[in-house]
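Colleague: I'd like to ask some things about the structure below.
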Amino acid sequence: MAASGHARAAREPAQLHCATGDCGGRLQCGGLGGVVPATLAWVNIHHGNDQTSYDVSVVDDFNVGLSVTPHEGRVNCPVLACRKNLTETCPGELQLRSPAGSILACKSSCEAFRIDEL
């Protein structure tokens, strides 16, 4: 299961559109990632064998700070987070900007340059 972060949503009649992480006009992506750039949280739940895993990923871009905090686990599970606003240090060529000029997100090199080689 993946969850993506939405940023700067605007509600139009009968649809919701987000500047980053959009889910095709829906509020929730239904387990699919939103349109990049979008910070991702991955959770794989394995009932009965104690091998549940979770991750915070900015490999496919960054748009919002994100944290995963496990509760009531049987072992000591760490909090995984990318809470820093990475747009503050995002190189200009990777920035996604609003029409007003503010930085909305930081794209991956692959997304910004439309190549799979980086």
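The values are calculated or read from the model by the stated rules, or taken from the named source; none is laboratory data. This one's a predicted model, so the numbers in the text were calculated from it and none came from an experiment. Reconstructed Cβ throughout: ideal geometry from the backbone, glycine too, with neighbour counts over all protein chains shown.
Colleague: Could you pull out the residue among Arg8, Arg83 that is basic (Lys, Arg), at positive phi and modelled with pLDDT under 80?
Modeller: On the way: Arg83 fails: at positive phi.
Exactly one of Arg8, Arg83 is basic (Lys, Arg), at positive phi and modelled with pLDDT under 80, namely Arg8.
Colleague: Here's something else I'd like to know. What is the one condition in (1) over 14 Å from the mean Cα position of the chain (by Cα); (2) loosely packed, with under 13 Cβ neighbours inside 10 Å that Lys84 does not satisfy?
Modeller: (1)
Colleague: Shifting gears a bit: For Ile103, which of the numbered conditions (1) modelled with pLDDT of 85 or more; (2) aliphatic (A, V, I, L, M); (3) surrounded by fewer than 16 Cβ atoms within 10 Å (Cβ to Cβ) fails to hold?
Modeller: (3)
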